[in-house]
């Protein structure tokens with residue numbers, strides 16, 4: 001199956017929109033009757049929506065899953081090209097992330113992981129590209145450089161962040177950390193800049209912009225501290241948890257398990273290619289109206305859409321003030337992720353960290369070996385020197401070439417910035433958003449429950465956070481359902 | 001409610017069997033009809049059985065939970081005395097353990113944790129007690145000492161174990177590690193002994209026997225490597241994951257959530273105080289016979305009993321050869337855990353590591369402050385110099401006093417070695433058991449599915465592993481149930 005999402009370029013075909021994925025769903029709907037009143041309508045079939053739908057369906061509720069796209073997975077999906085998965089969005093997973101690992105374990109997929117990096121042969125170096133030029137350093141030097149930069153960056157307490165954020169999953173239990181949400185990364189850089197070498201500066205900024213997909217001026221320092229705390233307050237584990245272990249079969253081989261399990265219960269109705277226009281809470285039920293005019297009715301709704309798209313749906317009654325304010329702020333992540341399949345075998349062990357006005361990417365590395373025995377390179381950019389990779393493919397190819405000389409057979413990417421159902425990549429907040437509005441974002445409004453990785457407590461922004469939130473939403477929905485069923489019974 | 005389990009001693013009452021706990025269940029049964037044929041009978045209400053029962057009940061199956069004791073929690077339960085929980089068995093949890101953290105997050109209990117250690121005032125030292133005598137060292141020196149010993153112990157590959165065990169959750173993906181299962185800790189000690197100082201030796205042995213509850217001669221070196229790998233190949237994270245974060249309200253405040261949620265589905269029948277004598281797979285269903293003569297029938301059974309007790313139940317047909325062999329080997333953990341409530345406030349920041357023929361305990365530390373503003377000390381022993389704390393309370397008091405002078409108002413403990421439904425503490429294998437028999441232990445036999453933390457893939461021996469296994473069992477049962485329902489339908 002081919003999704004309309006994503007782009008592929010080869011010298012022969014040029015740029016083509018749409019790529020093959022096992023996450024594309026056919027037929028597009030299994031709805032039998034328009035008249036059904038569902039127990040719950042889940043809007044959005046990313047990991048959060050999939051989890052909510054699956055749990056509610058297992059729990060015996062009649063579930064309708066409504067998805068704008070032609071595929072599952074939301075911001076995490078893989079294109080399977082010639083048997084090899086290119087990860088279009090969220091990619092890496094680890095046993096250090098509880099919700100995602102619980103599911104990997106539940107599906108007995110523990111042995112289906114592989115390690116992205118392979119430094120066993122080839123270039124075996126990192127190209128550091130800063131304001132003063134390029135130089136190649138060993139991966140050990142790369143690690144030491146990013147680590148020393150990061151340790152200066154996070155060391156607000158003499159304990160590398162552990163003192164101010166001992167409980168990374170909690171807002172409440174880290175009272176000393178809240179004040180860092182009024183600081184941007186630029187504010188923190190200003191405090192430590194004098195202590196950084198030029199190379200540390202380049203490596204540090206490259207790495208933190210890789211995390212945020214934003215700019216130094218708009219990313220919250222608090223949120224970066226949270227990532228760091230979740231990564232065991234360690235650069236080694238930041239790498240371990242953020243960019244190391246991925247699925248042999250790609251993310252869609254994982255997401256499809258959630259969908260198929262939900263389907264197997266017999267309680268899941270679904271409709272794809274159906275963007276939602278309006279969610280109207282009628283008091284006794286909720287009406288969901290799609291752009292194509294379809295109307296669905298449910299006793300409850302789980303809105304599993306990302307923060308940056310909430311303004312595009314009409315909620316009635318209107319969203320709470322806090323939610324509205326957060327939605328108007330939006331999150332800042334405009335990460336650009338481009339895959340290249342290249343003939344250069346030596347690049348398997350190559351990486352680069354860059355921060356200079358010339359480069360459109362900040363971070364790139366050998367991510368795998370394709371079935372044709374080519375090297376798979378993945379490159380990341382942010383809002384800084386932002387690239388729209390589908391605007392002019394020659395500019396994109398040039399941007400890749402400027403990182404390292406490569407003989408590219410293929411490019412694959414998804415432009416998340418132009419994607420109207422995401423409007424950005426994983427959540428990364430501006431200063432102030434999280435400490436002010438997290439609880440507002442998490443709050444249900446009437447019969448509508450808001451669930452998304454964007455406001456998870458733990459690994460917010462990650463697949464793990466999406467599953468956390470989907471799990472929470474399902475419990476909320478099921479508890480309310482039980483209450484209503486028992487009320488009905490007591491009236492009978 | 002008071003459980004028959006556990007012991008409490010005070011100067012006034014002397015030794016009393018039975019302690020109060022919110023994990024004791026009353027009434028002892030909610031069964032309405034003897035004639036029910038359940039979709040699944042779960043034998044054992046520890047975290048594994050509770051998880052299996054809960055998941056199956058949510059999934060709409062008619063579940064019977066049969067438990068030998070008068071309480072839930074199995075080897076993890078807390079006695080609540082004067083509003084303060086003493087943890088009788090499994091205690092500590094962390095976001096580094098995926099299954100347990102997923103549940104903590106699911107129940108929104110992230111803010112209900114506290115840290116055992118408090119080094120802010122008082123003694124602030126560790127007493128190291130080895131063959132050459134006692135000495136007090138700072139906690140920093142304690143950490144450095146255990147860490148340097150451990151790093152020598154695990155460094156079989158120049159990478160502190162990461163080289164041979166890159167995927168701690170997998171048997172298959174760590175082929176280089178299997179050979180270490182033919183070694184005991186004593187075998188490994190023989191290889192490194194010359195490189196250890198006397199103090200390192202004491203600290204190292206104290207720590208690893210704390211982990212195994214066995215002796216150097218019978219504990220598997222492989223299994224210790226696995227604990228180490230799960231702990232991020234780091235002493236800091238071994239402490240972090242093994243003995244740091246616990247529930248304000250005690251383990252039973254967590255376990256009761258599973259039980260109550262299962263009960264709320266309306267699909268859970270249960271019976272406590274009902275040890276099982278025989279599990280007879282009739283081909284079309286399974287008959288479970290209790291010692292008291294009660295007979296229950298189910299379409300499937302989840303046996304959630306620990307390894308060391310499987311020989312006490314008659315399985316018919318007989319257990320597979322592999323399971324039988326593993327059961328005959330048994331696991332070695334005879335950990336002794338004794339709590340003392342003491343008037344000595346300075347001991348809040350005290351700890352001790354001991355390994356010498358005089359001490360009956362290996363490891364102890366200040367674990368909390370009670371509502372009476374007393375210090376709560378927890379002490380651990382193993383098979384080495386094994387103590388039966390209820391045999392002679394004066395010997396036990398003396399063993400505590402020999403660690404440090406204390407003014408004890410109360411002792412609380414559970415003797416796991418004499419407990420016929422556990423026959424030991426958390427699973428720790430002898431050399432050879434895991435690599436030979438893990439897959440056998442995990443295999444279903446007919447309609448009987450075997451689930452227990454003792455043979456989990458990940459955090460085997462931990463609450464996390466129990467939930468992992470309960471989750472697996474529930475999926476197996478529900479898949480088979482679905483198959484049978486659809487077969488029946490197709491016949492109609």
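Distance from a point 7 Å along Cα→Cβ of residue A:162 to each backbone N in the stretch B:113-147: keep the residues under 18 Å and list them by number.
The answer is B:114-121, B:124-126, B:138-147, whose backbone nitrogens lie closer than 18 Å to the label point.
What is the Cα coordinate range of the protein assembly as shown on the first, second and third principal axes, sorted by size from largest, in whole angstrom?
83, 72, 53
Please give the residues of the stretch B:234-277, grouped as numeric ranges, whose backbone N is less than 13 Å from a label point set 7 Å along the Cα-to-Cβ vector of residue B:32.
B:266-270
Nearest 5 percent is fine: what portion of the DSSP beta bridges confined to chain B is antiparallel? Walk me through the numbers before you get to the answer.
Working: 57 of 82 bridges.
Approximately 70 percent, going by the DSSP bridge assignments.
Using the 7 Å Cα-to-Cβ label point, sort the distances from residue B:107 to its equivalents in the other copies shortest first and give them in nm to one decimal.
Between copies, matching label points for residue B:107 lie 2.7 nm apart.
What nm value, rounded to one decimal, do you get for the distance between residue B:141 and residue A:372 when each label is placed 7 Å out toward the C-beta?
6.5
Report P(r) for the stretch B:158-204: all Cα-Cα distances, bin width 10 Å, range 0 to the bin holding the largest distance, values in whole percent.
Going from the shortest bin to the longest, the percentages are 24, 42, 28, 6.
Assuming R0 = 45 Å, what is the FRET efficiency of residue B:107 and residue B:195, from their Cβ-Cβ distance, to the nearest 0.05?
Details: r = 46 Å, r/R0 = 1.03.
With a Förster radius of 45 Å, E is 0.45.
What's the exposure ranking of A:423, A:32, A:418, going from fewest to most Cβ atoms within 10 Å?
A:32, A:418, A:423
Sorting B:260, A:236 on the 10 Å Cβ count, fewest up front, what's the list?
On the way: B:260 11, A:236 14.
So the ranking, lowest neighbour count to highest, is B:260, A:236.
If you put a point 7 Å past Cα along the Cβ direction, how far is that point for residue B:483 from the same point in each other copy, in nm, smallest first?
Nearest first, the other copies' label points are 4.0 nm away.
If I model a spin label as a point 7 Å beyond the Cα along the Cα-Cβ vector, how far apart are those points for residue B:358 and residue A:115 in nm?
The modelled label-to-label distance comes out at 4.7 nm.
Compute the FRET efficiency between residue B:420 and residue B:392 as 1/(1 + (r/R0)^6), taking r as their Cβ-Cβ distance and R0 = 30 Å, and round to the nearest 0.05.
0.90
Going 7 Å from Cα along the Cα-Cβ axis for the label, what nanometre distances separate residue A:159 from the same residue across the other copies?
Spacings between copies for this position, smallest first, are 3.2 nm.
May I ask you to work out the translational diffusion coefficient for the stretch A:441-492 at 4 °C, viscosity 1.567 mPa s, via Stokes-Einstein with Rh from the Kirkwood sum over Cα pairs, reported in whole µm²/s?
D = 109 µm²/s.
Tilt of helix B:463-491 relative to the longest C-alpha principal axis of chain B, in degrees (0 to 90, nearest 10)?
10
For chain B, calculate the relative contact order in percent as a whole number, restricting contacts to Cα pairs under 8 Å that are 6 or more residues apart. Could you put the intermediate results ahead of the total?
On the way: 1132 pairs, mean separation 118.9, N = 492.
In percent, rounded to a whole number, it is 24.
How big is the C-alpha Rg of the stretch B:235-381 next to the rule-of-thumb value 2.2 N^0.38 Å, as a ratio?
That works out to 1.47 for the stretch B:235-381.
Compute the acute angle (0 to 90°) between the alpha-carbon long axis of helix A:47-58 and the principal axis of greatest extent of the alpha-carbon atoms of chain A; round to the nearest 10°.
For helix A:47-58, the angle is close to 30 degrees.
Determine, for A:4, B:246, the number of other Cβ atoms within 10 Å of each Cβ, and report the residues in order from fewest to most.
Details: A:4 12, B:246 24.
Listed from fewest to most nearby Cβ atoms, that is A:4, B:246.
With 5 Å bins from zero, work out the P(r) of the stretch A:305-379 over every alpha carbon pair and list the percent per bin.
3, 13, 17, 12, 9, 9, 9, 10, 9, 6, 3, 0
What whole-number value in cubic angstrom gives the convex hull volume per residue for the C-alpha atoms of the stretch A:3-55?
112
Out of all DSSP beta bridges in the protein assembly as shown, what portion is antiparallel? Express it as a percent rounded to 5.
Within the protein assembly as shown, antiparallel bridges account for around 70 percent of the total.
Taking only Cα atoms of chain B, what ratio of Rg to Rh do you get with Rh as the Kirkwood inverse-distance radius?
Radius of gyration over Kirkwood radius for chain B works out to 0.97.
Specify whether the C-alpha gyration tensor of the stretch B:345-492 places it in the rounded, prolate or oblate class, a ≥ b ≥ c being the square roots of the eigenvalues: rounded for a/c under 1.5, otherwise prolate if a/b is larger than b/c and oblate if not.
prolate
Would you give the gap between the C-alpha center of the stretch B:318-335 and the C-alpha center of the stretch A:230-260, rounded to a whole Å?
Result: 35 Å between the Cα centres.
Mind pulling the per residue volume of the convex hull built on the Cα atoms of the stretch B:66-146? Å³ is fine. Walk me through the numbers before you get to the answer.
Details: hull volume 16.6 nm³, N = 81.
Per residue, the Cα convex hull of the stretch B:66-146 comes to 205 Å³.
What is the diffusion coefficient of the stretch A:85-240 in µm²/s, taking the Kirkwood radius over Cα pairs and the Stokes-Einstein relation at 4 °C with a viscosity of 1.567 mPa s?
The diffusion coefficient I find is 75 µm²/s.
What do you get for the angle between helix B:221-230 and the principal long axis of chain B? Use alpha-carbon atoms, 0 to 90 degrees, nearest ten.
90
Which FRET efficiency value, to the nearest 0.05, do you get for residue B:485 and residue A:132 by plugging their Cβ-Cβ distance into 1/(1 + (r/R0)^6) with R0 = 51 Å?
Efficiency for this residue pair is about 0.15.
Would you calculate, for chain B, the mean residue ellipticity at 222 nm contributed by helices, counting each DSSP H stretch of 4 or more residues as -39,500 (n - 2.57) and dividing by all residues, to the nearest 500?
Details: 12 runs with 151 residues, N = 492.
Result for chain B: -9500 deg cm²/dmol, rounded to the nearest 500.
In Å, what is the Rg of the alpha-carbon atoms in the stretch B:1-152, and how long is Dmax?
Expressed in Å, the Cα Rg and Dmax of the stretch B:1-152 come to 21.2, 66.
I need to check one value: relative contact order of the stretch A:24-143, counting alpha carbon pairs closer than 8 Å and at least 6 residues apart, in percent.
Worked out over the stretch A:24-143, it gives 15 percent.
For the stretch A:175-293, calculate the relative contact order in percent as a whole number, restricting contacts to Cα pairs under 8 Å that are 6 or more residues apart.
On the way: 79 pairs, mean separation 21.3, N = 119.
So the answer I get is 18 percent.
Expressed as a whole number of Å, what is the distance separating the alpha-carbon centroids of the stretch A:145-172 and the stretch A:21-71?
Cα centroid to Cα centroid, the span is 40 Å.
So, in Å, what gap is there between the alpha-carbon centers of the stretch B:84-141 and the stretch B:384-443?
18
Each value in this text was obtained by applying a stated rule to the coordinates, not by laboratory testing. It should be emphasised that the depicted structure is a prediction, and the values quoted were computed from it without experimental measurement. Don't worry about glycine lacking a Cβ; one is built from the backbone with ideal geometry, like all the others, and counts go over all protein chains shown.
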